[in-house]
Amino acid sequence: MSSISGKLDPVVRPITAADVIDALGKGIRDFQALPLYGLIVGALYAAGGVLIVFCATGLGMTYLAYPLAAGFALIGPFAALALYEVSRRREQGEVPTWSGIWHAIRTRGELGWMAFVTLFVFVMWMYQVRFLMALFLGLHASFSNLHEFINVILTTNEGLAFLVVGNVEGAVLSLVLFSLTVVSFPLLLDRDVDFVTAMITSVRAVVTSPVPMIGWGLIIVVLLIVSALPLFLGLLVTLPVLGHTTWHLYRRIVEVPAVPA
């Protein structure tokens, strides 16, 4: 199928759970082969999470720790850009270097637009949290510590309603962002396409294989949230494995036909 720009649109292939498992195995092997890159990227991502939580604590908003951790998982696909490039170069038999990785990311201008989309959804998520707190817990709801917040959430009808609605909204936003980005970031890094085409291709990938793709999305969210619990330390391993796996899943899903001469 031809696109408006004259380039051929990416072809989306259906996948199964077996493809996800195979990609996960390849992702683990990439991390084992080149662990330093994964550990450094994971450490930077974890440090960002710790910084956000410390800032919330310093501002007296410790009760936002959970929504912040959940929202932080939303920007994982962007944080894993360097890992996609490591897997791409290893796949091509090249030796990755930090300068080469940075050059590849810097020269893909469309990645900036995808980063903006990701950040926008994260900010929208945090605004939704504050809106729901005002709606269910009061316009000027604030809590002196996390224990007080948890007590209100679990022991009052308003708190339970906030918890249910907030998690449902979070799940919907996570699904939307996952659908827009799961293929977009590796595709933009790998091929010369615009970010709109990349997002459409990503959504097509999810629609074409909804069960294995949504299953993969659930695995990502659960692992990132669980990894964030012990001061984000689990992300040192989890993020690299998920990032490398996403690259190999992208390679199984998307084929970009060459333009005929």
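The values are calculated or read from the model by the stated rules, or taken from the named source; none is laboratory data. All figures in this text were calculated on a predicted structure; none of them were measured in a lab. So basically every Cβ, Gly included, is an ideal-geometry build from the backbone, and we count neighbours across all protein chains shown.
Tell me, which residue of the stretch 98-136 that is hydroxyl-bearing (Ser, Thr, Tyr) and in a helix (DSSP H, G or I) is farthest from Phe178 (Cα to Cα)?
Checked the stretch 98-136; the qualifying residue farthest from Phe178 (Cα to Cα) is Ser99.
Taking the stated definitions as given, is Gly48 within 17 Å of the chain's Cα centre (by Cα) and either over 20 Å from Leu249 (Cα atoms) or modelled with pLDDT under 85 (or both)?
Numbers: within 17 Å of the chain's Cα centre (by Cα): yes; either over 20 Å from Leu249 (Cα atoms) or modelled with pLDDT under 85 (or both): yes.
It is true that Gly48 is within 17 Å of the chain's Cα centre (by Cα) and either over 20 Å from Leu249 (Cα atoms) or modelled with pLDDT under 85 (or both).
Hydrophobic (A, V, I, L, M, F, W, C), in a helix (DSSP H, G or I) and loosely packed, with under 15 Cβ neighbours inside 10 Å, is that true of Val207?
yes
Within the stretch 144-186, if we keep just the residues that are hydroxyl-bearing (Ser, Thr, Tyr) and either touching a residue at least 12 places away in the same chain (Cβ under 8 Å) or under 25 Å from Pro77 (Cβ atoms) (or both), the residue that is surrounded by the fewest Cβ atoms within 10 Å (Cβ to Cβ) turns out to be Ser144. Of all residues in the stretch 228-241, none are outside any loop (DSSP other than H, G, I, E, B) and over 21 Å from Ala79 (Cα atoms).
Selection over the stretch 16-37 of residues that are out of contact with any Phe, Trp or Tyr (no Cβ under 9 Å at 6 or more places or on another chain) and closer than 16 Å to Val183 by Cβ gives a count of 1. Figure legend. Inter-residue proximity from the stretch 7-35: first residues closer than 20 Å to Met199 by Cα, second residues among the basic types (Lys, Arg) and assigned to a helix (DSSP H, G or I), beta-carbon distance below 6 Å, spacing 6+ or different chains. Indicated pairs: Val12/Arg204; Ile15/Arg252.
Quickly run through the stretch 54-67 and pick out the residues that are assigned to a helix (DSSP H, G or I) and either within 18 Å of Leu81 (Cα to Cα) or modelled with pLDDT under 75 (or both). Spell out how you get there, then give the answer.
As a first pass, look at the stretch 54-67 and keep what is assigned to a helix (DSSP H, G or I): 54-58, 62-67.
Selection gives Ala56, Thr57, Gly58, Thr62, Tyr63, Leu64, Ala65, Tyr66, Pro67.
Pick from the stretch 183-204 the residues that are β-branched (Val, Ile, Thr) and part of a loop (DSSP other than H, G, I, E, B): which of them is nearest to Val254 (Cα to Cα)? Steps first, answer last, please.
In the first step, residues of the stretch 183-204 are kept if they are β-branched (Val, Ile, Thr); the result is 183, 193, 196-197, 200-201, 203.
Then keep just the ones that are part of a loop (DSSP other than H, G, I, E, B); that gives 183, 193.
Values: Val183: 8, Val193: 13 Å.
Going through the qualifying residues, I end up with Val183.
Considering only residues that are of a type in the set (A, V, I, L, M, F, W, C), over 14 Å from Ala80 (Cβ atoms) and in contact with a Leu (Cβ under 7 Å, 6 or more places away or on another chain), which ones fall in the stretch 182-213? Break it down into steps so the answer makes sense when it comes.
Quick first cut of the stretch 182-213, residues of a type in the set (A, V, I, L, M, F, W, C) only: 182-183, 185, 187-189, 193, 195-196, 198-200, 203, 205-207, 211, 213.
Remaining after also requiring over 14 Å from Ala80 (Cβ atoms): 193, 195-196, 198-200, 203, 205-207, 211, 213.
Matches in the stretch 182-213: Val193, Phe195, Ala198, Met199, Val203.
If you go through the stretch 121-129 one residue at a time, do you hit one that is surrounded by 12 or more Cβ atoms within 10 Å (Cβ to Cβ) and either over 24 Å from the mean Cα position of the chain (by Cα) or within 20 Å of Thr197 (Cα to Cα) (or both)? Scanning the stretch 121-129, I find at least one residue that is surrounded by 12 or more Cβ atoms within 10 Å (Cβ to Cβ) and either over 24 Å from the mean Cα position of the chain (by Cα) or within 20 Å of Thr197 (Cα to Cα) (or both), so the answer is yes.
Please enumerate the residues belonging to the stretch 210-261 that are of a type outside the set (A, V, I, L, M), at pLDDT 90 or above and surrounded by fewer than 14 Cβ atoms within 10 Å (Cβ to Cβ). Break it down stepwise before answering.
Initially, the stretch 210-261 is screened for residues of a type outside the set (A, V, I, L, M), giving 210, 212, 215-217, 227, 230, 232, 234, 238, 240, 243-248, 250-252, 255, 257, 260.
Then keep just the ones that are at pLDDT 90 or above; that gives 210, 212, 215-216, 238, 240, 243-248, 250-252.
Listed by number, the residues that qualify are Pro210, Gly215.
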